[in-house]
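**Q** First the structure, then my questions, so here it is.
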Amino acid sequence: MGNSKGADEAADHRPPVRRVAVVGTGLIGTSIALALRDRGVDVLLSDPDAASVRLACDLGAGSVLDESAQSRPVDIAVIAAPPAVIPAVLRGAQDRGLAHVYTDVASVKASVLTEAERLGCDMATFVPGHPMGGREKHGPGAARADLFLGRSWALCPTGKAGSEAVAAVAELARLCGADPLVLEAEAHDRAVALVSHAPHVASSAVAARLLSGDDTALTLAGQGVRDVTRVAGGDPAMWTEILTHNAVPVADVLRGMAADLAATADALHALGAVREAAGDGDGHEAGTSAGAADRAGDDVLEPVRDLLARGRSGQERLPGKHGGVKLPDYTVLPVVIPDEPGVLGRMFAVAADAGVNIEDVRIEHTPGLPLGVAQLYVLPAAVDPLARALSDDGWSVHAGA
């Protein structure tokens, strides 16, 4: 489906990317601009919302693009707008000669390409793109220069764009810290339906159930439900548009999810019925009924076991920070940390002095208390040295917890 080699071949001769125009200063556009500025690229910013442009400029993302001035074209123009308006914005930018090469960042590709061709856009200079990075927050104030570090950046050239244009957009992705991946538009839309769009709907479905919970139930919410529902905090209007532009692939994934959930619900209801029936007896008969109920319950639970097992196998297929390379399982070392500035930096400094690489870190906050637990993911051999070093430095370490 994907072809990272295609991106590598297109970048055998990496064209310099010195000047970039970013049209759209929301989360993604401003994050791209910040990343490029960190690499010394001259960035010009444009957005219908003047306040958004001013904030992006104040954040150091670039300077305002003078729409009225006739100046030399920039190397690349990035159209960071909603999918429905990208083709029109692209056509307008091409008509005024804004750039040598154009790309976009929409999370859907087939519908954008179809409309761009209908509007008569120059497809020879357009390389559709999609950086696989984002947040549940939106707007330039949520932008981060490191948003795309280590992420895939899909490139979906139509075949009309030349290799130089593809190489330029691939180089832009690399300047943002991402890994370009060339694939066809339809394959891209099917892939993001599976790994992004349908999961967002599923997250929203779980979060919507929380509306029926009382305050006591919500007080019991732990990190698990927070992880599952995090992306549900996204903008509903934006996500409605995304889903309508990728409707059929998303619907296909959701139907599969719904079938799994329905089978699981039926199995659990059946188990409840079996156990309720077993509870009607008493004495010896009750014991016999309970044993039979356990055996019957074991049979009806097969769909539940199957879903949980497939879920675990699917989760294990997700590449980690080292891509698809299979590494030894990490060990988690919990460390209690105070909620104060610089605490993570001090902890990482201790790890560095001990010669230990922290592979990943997750923080679980303690509601109502000024502290939390940092879950440090390290290779098994590093657990004891790191635990000793942190303990000697006064940290509350809970090895084996």
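The values are calculated or read from the model by the stated rules, or taken from the named source; none is laboratory data. This one's a predicted model, so the numbers in the text were calculated from it and none came from an experiment. When we count neighbours, we look across all protein chains shown, and the Cβ atoms used for this are built from the backbone with ideal geometry, even at glycine.
Each row is one residue, and each column tells you yes or no for (1) of a type in the set (Gly, Ala, Ser); (2) out of contact with any strand residue (DSSP E or B) (no Cβ under 7 Å at 6 or more places or on another chain); (3) over 30 Å from residue 51 (Cα atoms); (4) not assigned by TED's automatic domain parsing to the domain that holds residue 228.
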{"position": "143", "(1), (2), (3), (4)": "yes, yes, no, yes"}
{"position": "169", "(1), (2), (3), (4)": "no, no, no, yes"}
{"position": "180", "(1), (2), (3), (4)": "no, no, yes, yes"}
{"position": "202", "(1), (2), (3), (4)": "yes, yes, yes, no"}
{"position": "210", "(1), (2), (3), (4)": "no, yes, yes, no"}
{"position": "213", "(1), (2), (3), (4)": "yes, yes, yes, no"}
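**Q** Between a first residue in segment 329-353 that is in contact (Cβ under 8 Å) with a residue 60 or more places away in the chain and within 15 Å of residue 399 (Cβ to Cβ) and a second residue that is among the hydroxyl-bearing types (Ser, Thr, Tyr) and surrounded by 17 or more Cβ atoms within 10 Å (Cβ to Cβ), which pairs have beta carbons less than 6 Å apart while being 6 or more apart in sequence or on different chains?
**A** none
Yes/no matrix, rows are residues, columns are (1) modelled with pLDDT under 90; (2) of a type outside the set (S, T, N, Q); (3) touching a Gly at 6+ places or on another chain (Cβ under 7 Å):
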site: 245; (1), (2), (3): no, yes, no
site: 251; (1), (2), (3): no, yes, no
site: 261; (1), (2), (3): no, yes, no
site: 271; (1), (2), (3): no, yes, yes
site: 286; (1), (2), (3): yes, yes, no
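**Q** Let me ask something additional. Would a scan of segment 208-229 turn up a residue that is in a helix (DSSP H, G or I), in contact (Cβ under 8 Å) with a residue 40 or more places away in the chain and among the basic types (Lys, Arg)?
**A** no
**Q** Under 9 Å between Cβ atoms, at least 6 apart or on separate chains: pull out the pairs that start in segment 242-267 with a residue that is more than 21 Å from residue 300 (Cβ to Cβ) and assigned to a helix (DSSP H, G or I) and end on any residue that is modelled with pLDDT under 95 and among the β-branched types (Val, Ile, Thr).
**A** The qualifying pairs are 250/242.
**Q** Here is a further query. Scan segment 8-19 and report the pairs whose first residue is small (Gly, Ala, Ser) and whose second residue is at pLDDT 65 or above, with Cβ atoms within less than 7 Å and a gap of 6+ or a chain change.
**A** Going by the 7 Å Cβ cut-off, the qualifying pairs are 10/163; 10/166; 10/167; 10/170; 11/167; 11/170; 11/171.
Rundown of residues vs (1) of a type outside the set (Phe, Trp, Tyr); (2) farther than 14 Å from residue 189 by Cβ; (3) at pLDDT below 95, yes/no style:
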{"site": "108", "(1), (2), (3)": "yes, no, no"}
{"site": "118", "(1), (2), (3)": "yes, yes, no"}
{"site": "125", "(1), (2), (3)": "yes, yes, no"}
{"site": "140", "(1), (2), (3)": "yes, yes, yes"}
{"site": "148", "(1), (2), (3)": "no, yes, yes"}
{"site": "152", "(1), (2), (3)": "yes, yes, yes"}
{"site": "167", "(1), (2), (3)": "yes, yes, no"}
{"site": "170", "(1), (2), (3)": "yes, yes, no"}
{"site": "174", "(1), (2), (3)": "yes, yes, no"}
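**Q** Being surrounded by fewer than 23 Cβ atoms within 10 Å (Cβ to Cβ), at pLDDT below 95 and farther than 21 Å from residue 188 by Cα is the requirement here; does residue 75 meet it?
**A** Values: surrounded by fewer than 23 Cβ atoms within 10 Å (Cβ to Cβ): yes; at pLDDT below 95: no; farther than 21 Å from residue 188 by Cα: yes.
So residue 75 does not fit the description; no.
**Q** For segment 36-87: of the residues being acidic (Asp, Glu) and either in contact (Cβ under 8 Å) with a residue 24 or more places away in the chain or assigned by TED's automatic domain parsing to the domain that holds residue 243 (or both), which is nearest to residue 103 (Cα to Cα)?
**A** From segment 36-87, those acidic (Asp, Glu) are 38, 42, 47, 49, 58, 66-67, 75; that's our starting set.
From what is left, the residues that are either in contact (Cβ under 8 Å) with a residue 24 or more places away in the chain or assigned by TED's automatic domain parsing to the domain that holds residue 243 (or both) are 38, 42, 47, 49, 75.
Working: 38: 20, 42: 17, 47: 16, 49: 21, 75: 11 Å.
Only one residue tops the list, namely 75.
For (1) in the same structural domain as residue 100 (by TED's automatic domain parsing); (2) within 26 Å of residue 77 (Cβ to Cβ), each residue gets a yes or a no:
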position	(1), (2)
177	yes, yes
196	no, yes
217	no, no
224	no, no
227	no, no
232	no, no
241	no, yes
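**Q** Which one of these is of a type in the set (S, T, N, Q) and within 26 Å of residue 86 (Cα to Cα): 212, 204, 196?
**A** Details: 212 fails: within 26 Å of residue 86 (Cα to Cα); 204 fails: within 26 Å of residue 86 (Cα to Cα).
Exactly one of 212, 204, 196 is of a type in the set (S, T, N, Q) and within 26 Å of residue 86 (Cα to Cα), namely 196.
One line per residue, one yes/no per condition, for (1) among the basic types (Lys, Arg); (2) surrounded by 15 or more Cβ atoms within 10 Å (Cβ to Cβ); (3) farther than 22 Å from residue 310 by Cβ:
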position	(1), (2), (3)
172	no, yes, yes
190	yes, yes, no
193	no, yes, no
212	no, no, yes
230	yes, no, yes
243	no, yes, yes
255	yes, no, no
270	no, yes, no
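**Q** If you don't mind, there's one more thing I want to ask. Here are 106, 35, 61, 81: which of them is under 23 Å from the mean Cα position of the chain (by Cα) and assigned to a helix (DSSP H, G or I)?
**A** Details: 106 fails: assigned to a helix (DSSP H, G or I); 61 fails: assigned to a helix (DSSP H, G or I); 81 fails: assigned to a helix (DSSP H, G or I).
Being under 23 Å from the mean Cα position of the chain (by Cα) and assigned to a helix (DSSP H, G or I) holds for just one of 106, 35, 61, 81, which is 35.
**Q** Of the residues that sit in segment 64-78 and are assigned to a loop (DSSP other than H, G, I, E, B) and in contact with a strand residue (DSSP E or B) (Cβ under 6 Å, 6 or more places away or on another chain), which one is farthest from residue 91 (Cα to Cα)?
**A** First, the residues of segment 64-78 that are assigned to a loop (DSSP other than H, G, I, E, B): 65-73.
Among the residues that remain, those that are also in contact with a strand residue (DSSP E or B) (Cβ under 6 Å, 6 or more places away or on another chain) are: 65, 73.
Numbers: 65: 17, 73: 15 Å.
Per the criteria, the residue is 65.
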